[in-house]
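The values are calculated or read from the model by the stated rules, or taken from the named source; none is laboratory data. Bear in mind that the values here come from a model prediction, so they are computed numbers and not experimental data. Every residue, glycine among them, receives a Cβ derived from its backbone with ideal geometry; neighbour counts consider all protein chains shown.
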Amino acid sequence: MVDTTNMTEGERLMKLNETNVAIVSQAIEDIGNLNVEGLLAIIDDDIDFRLMGTTPFSRHLRGKPAYLELVGEVGSYLDGFIKLTVDELIPAGEWVIVRCSGHAVMKATGADYDNQYCMLWKLKDGKVVKLREYTCTKMVMEYFFPDQW
(Lines give C-alpha, C1' and ligand atoms only; values in the text may rest on other atoms or scores of the structure.)
Protein backbone atom coordinates (compact mmCIF):
# COMPACT_ATOMS: atom_id res chain seq x y z
CA MET A 1 0.00 0.00 0.00
CA VAL A 2 1.11 3.54 -0.74
CA ASP A 3 1.42 5.95 2.19
CA THR A 4 -1.09 8.70 1.45
CA THR A 5 -0.55 10.61 4.71
CA ASN A 6 1.13 13.62 3.11
CA MET A 7 -1.09 13.71 0.01
CA THR A 8 -3.80 16.25 -0.66
CA GLU A 9 -7.36 14.97 -1.02
CA GLY A 10 -7.07 15.35 -4.80
CA GLU A 11 -3.82 13.39 -4.87
CA ARG A 12 -5.37 10.63 -2.72
CA LEU A 13 -8.34 10.40 -5.10
CA MET A 14 -6.03 10.23 -8.13
CA LYS A 15 -4.00 7.44 -6.49
CA LEU A 16 -7.19 5.56 -5.53
CA ASN A 17 -8.47 5.88 -9.10
CA GLU A 18 -5.15 4.64 -10.50
CA THR A 19 -5.02 1.67 -8.11
CA ASN A 20 -8.65 0.66 -8.62
CA VAL A 21 -8.40 0.91 -12.42
CA ALA A 22 -5.36 -1.41 -12.33
CA ILE A 23 -7.22 -3.93 -10.16
CA VAL A 24 -10.35 -3.94 -12.34
CA SER A 25 -8.28 -4.16 -15.53
CA GLN A 26 -6.51 -7.21 -14.10
CA ALA A 27 -9.84 -8.77 -13.08
CA ILE A 28 -11.22 -8.37 -16.61
CA GLU A 29 -8.08 -9.95 -18.04
CA ASP A 30 -8.32 -12.79 -15.50
CA ILE A 31 -11.95 -13.47 -16.49
CA GLY A 32 -11.10 -13.77 -20.18
CA ASN A 33 -8.06 -15.94 -19.51
CA LEU A 34 -9.91 -18.20 -17.06
CA ASN A 35 -7.38 -17.24 -14.38
CA VAL A 36 -9.55 -18.23 -11.44
CA GLU A 37 -6.72 -17.90 -8.90
CA GLY A 38 -5.96 -14.36 -10.03
CA LEU A 39 -9.61 -13.39 -9.95
CA LEU A 40 -10.15 -14.91 -6.50
CA ALA A 41 -7.19 -12.95 -5.15
CA ILE A 42 -8.95 -9.64 -5.85
CA ILE A 43 -12.54 -10.65 -5.04
CA ASP A 44 -13.61 -10.03 -1.45
CA ASP A 45 -14.79 -13.15 0.42
CA ASP A 46 -18.18 -11.47 0.93
CA ILE A 47 -18.59 -9.99 -2.58
CA ASP A 48 -22.03 -8.54 -3.27
CA PHE A 49 -22.80 -9.41 -6.90
CA ARG A 50 -25.86 -8.71 -8.98
CA LEU A 51 -26.46 -9.70 -12.59
CA MET A 52 -29.33 -7.47 -13.63
CA GLY A 53 -32.28 -8.61 -15.70
CA THR A 54 -34.75 -11.45 -15.83
CA THR A 55 -32.75 -14.31 -17.33
CA PRO A 56 -32.12 -17.58 -15.52
CA PHE A 57 -28.63 -16.20 -14.74
CA SER A 58 -29.97 -12.93 -13.31
CA ARG A 59 -29.71 -12.84 -9.55
CA HIS A 60 -28.37 -11.12 -6.49
CA LEU A 61 -25.85 -13.16 -4.55
CA ARG A 62 -23.23 -12.77 -1.87
CA GLY A 63 -19.88 -14.46 -1.29
CA LYS A 64 -17.13 -16.01 -3.39
CA PRO A 65 -18.66 -19.51 -3.50
CA ALA A 66 -21.97 -18.21 -4.88
CA TYR A 67 -20.17 -15.96 -7.38
CA LEU A 68 -17.99 -18.85 -8.58
CA GLU A 69 -21.02 -21.09 -8.91
CA LEU A 70 -22.69 -18.57 -11.23
CA VAL A 71 -19.50 -18.11 -13.27
CA GLY A 72 -19.29 -21.89 -13.62
CA GLU A 73 -22.95 -22.07 -14.64
CA VAL A 74 -22.44 -19.48 -17.40
CA GLY A 75 -19.18 -21.12 -18.43
CA SER A 76 -20.83 -24.52 -18.85
CA TYR A 77 -22.55 -23.19 -21.98
CA LEU A 78 -19.35 -21.83 -23.52
CA ASP A 79 -16.24 -23.13 -25.22
CA GLY A 80 -13.82 -21.26 -22.95
CA PHE A 81 -15.25 -18.14 -21.39
CA ILE A 82 -16.31 -14.63 -22.36
CA LYS A 83 -13.30 -12.59 -23.51
CA LEU A 84 -13.97 -8.97 -22.57
CA THR A 85 -12.61 -5.99 -24.47
CA VAL A 86 -12.79 -2.71 -22.57
CA ASP A 87 -14.36 0.12 -24.56
CA GLU A 88 -14.41 2.63 -21.69
CA LEU A 89 -13.10 2.55 -18.16
CA ILE A 90 -14.17 5.38 -15.87
CA PRO A 91 -12.63 5.71 -12.40
CA ALA A 92 -14.84 7.27 -9.75
CA GLY A 93 -13.08 6.92 -6.40
CA GLU A 94 -14.03 3.59 -4.84
CA TRP A 95 -16.07 2.75 -7.97
CA VAL A 96 -14.85 1.88 -11.45
CA ILE A 97 -17.35 1.91 -14.33
CA VAL A 98 -16.53 -0.34 -17.26
CA ARG A 99 -18.25 -0.45 -20.63
CA CYS A 100 -17.02 -3.43 -22.59
CA SER A 101 -17.70 -5.87 -25.40
CA GLY A 102 -17.66 -9.59 -24.85
CA HIS A 103 -16.99 -12.46 -27.23
CA ALA A 104 -17.42 -16.17 -26.63
CA VAL A 105 -18.32 -19.30 -28.59
CA MET A 106 -21.37 -21.32 -27.63
CA LYS A 107 -20.47 -24.92 -26.83
CA ALA A 108 -23.70 -26.46 -28.21
CA THR A 109 -23.86 -24.63 -31.53
CA GLY A 110 -20.42 -23.13 -32.18
CA ALA A 111 -22.14 -19.77 -32.66
CA ASP A 112 -20.32 -16.56 -31.82
CA TYR A 113 -21.83 -14.87 -28.78
CA ASP A 114 -21.09 -11.15 -28.85
CA ASN A 115 -22.69 -8.91 -26.25
CA GLN A 116 -22.18 -5.52 -24.64
CA TYR A 117 -21.74 -4.97 -20.91
CA CYS A 118 -21.71 -2.19 -18.38
CA MET A 119 -20.17 -3.17 -15.07
CA LEU A 120 -19.96 -1.19 -11.86
CA TRP A 121 -17.09 -2.35 -9.65
CA LYS A 122 -16.76 -1.13 -6.05
CA LEU A 123 -13.42 -1.67 -4.36
CA LYS A 124 -12.26 -1.41 -0.78
CA ASP A 125 -8.71 -2.05 0.42
CA GLY A 126 -7.73 -3.50 -2.95
CA LYS A 127 -10.61 -5.99 -3.14
CA VAL A 128 -13.79 -6.04 -5.23
CA VAL A 129 -16.60 -5.81 -2.65
CA LYS A 130 -19.52 -5.08 -4.97
CA LEU A 131 -20.14 -5.76 -8.65
CA ARG A 132 -23.18 -4.89 -10.75
CA GLU A 133 -23.41 -6.21 -14.30
CA TYR A 134 -25.79 -5.00 -17.00
CA THR A 135 -26.03 -6.67 -20.41
CA CYS A 136 -28.49 -7.26 -23.24
CA THR A 137 -30.74 -9.90 -21.72
CA LYS A 138 -32.42 -10.53 -25.09
CA MET A 139 -29.11 -11.88 -26.40
CA VAL A 140 -28.56 -13.94 -23.25
CA MET A 141 -31.94 -15.60 -23.75
CA GLU A 142 -31.47 -16.13 -27.52
CA TYR A 143 -28.08 -17.79 -27.14
CA PHE A 144 -28.18 -19.53 -23.75
CA PHE A 145 -31.89 -20.35 -23.43
CA PRO A 146 -33.40 -20.48 -26.96
CA ASP A 147 -36.13 -22.91 -25.84
CA GLN A 148 -37.34 -20.44 -23.25
CA TRP A 149 -37.22 -17.44 -25.57
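Residue by residue through the stretch 26-50, note down the ones that are under 13 Å from Glu133 (Cα atoms) and either out of contact with any Leu (no Cβ under 7 Å at 6 or more places or on another chain) or at pLDDT below 90 (or both).
Across the stretch 26-50, the qualifying residues are Asp48, Arg50.
So which residues in the stretch 59-81 are among the charged types (D, E, K, R) and in a loop (DSSP other than H, G, I, E, B)?
The one that is among the charged types (D, E, K, R) and in a loop (DSSP other than H, G, I, E, B): Asp79.
For the stretch 2-32, what are the residues that are assigned to a loop (DSSP other than H, G, I, E, B) and without any contact (Cβ under 8 Å) to a residue 12 or more places away in the chain?
Passing the criteria: Asp3, Thr4, Thr5, Asn6, Met7, Thr8.
Hey, among Leu84, Leu70, Leu120, Leu78, which residue is among the aliphatic types (A, V, I, L, M) and under 17 Å from Asn17 (Cβ atoms)?
Leu120
So for the stretch 125-139 (the condition being closer than 17 Å to Leu70 by Cα, in a strand (DSSP E or B) and among the hydroxyl-bearing types (Ser, Thr, Tyr)), does at least one residue qualify?
Yes: one or more hits.
Out of the stretch 1-25, which residues are among the aliphatic types (A, V, I, L, M) and at pLDDT 90 or above?
Val21, Ala22, Ile23, Val24
Of all residues being of a type in the set (Asp, Glu) and touching a strand residue (DSSP E or B) at 6+ places or on another chain (Cβ under 9 Å) in the stretch 57-94, which is nearest to Pro146 (Cα to Cα)? Just the residue, please.
Going through the qualifying residues, I end up with Asp79.
For the structure I just gave you, tell me whether Asp147 is surrounded by fewer than 15 Cβ atoms within 10 Å (Cβ to Cβ) and out of contact with any helix residue (DSSP H, G or I) (no Cβ under 6 Å at 6 or more places or on another chain).
yes
Those residues that are of a type in the set (A, V, I, L, M, F, W, C) and modelled with pLDDT of 95 or more, I need them from the stretch 51-69; list them, please.
Listed by number, the residues that qualify are Leu51, Met52, Phe57, Leu61, Ala66.
Is it the case that the stretch 75-88 has a residue that's buried (at least 16 other Cβ atoms within 10 Å of the Cβ) and closer than 14 Å to Val129 by Cα?
Within the stretch 75-88 (the criterion being buried (at least 16 other Cβ atoms within 10 Å of the Cβ) and closer than 14 Å to Val129 by Cα), the answer is no, since none of the residues qualifies.
For the stretch 45-63, which residues satisfy the criterion of being under 13 Å from the mean Cα position of the chain (by Cα) and either surrounded by 16 or more Cβ atoms within 10 Å (Cβ to Cβ) or hydroxyl-bearing (Ser, Thr, Tyr) (or both)?
Within the stretch 45-63, Ile47, Asp48, Phe49, Arg50, Leu51 meet the criteria.
Which of the residues belonging to the stretch 97-125 are closer than 20 Å to Gln26 by Cα, of a type outside the set (A, V, I, L, M) and surrounded by 15 or more Cβ atoms within 10 Å (Cβ to Cβ)?
Result: Cys100, Gly102, Tyr117, Cys118, Trp121, Lys122.
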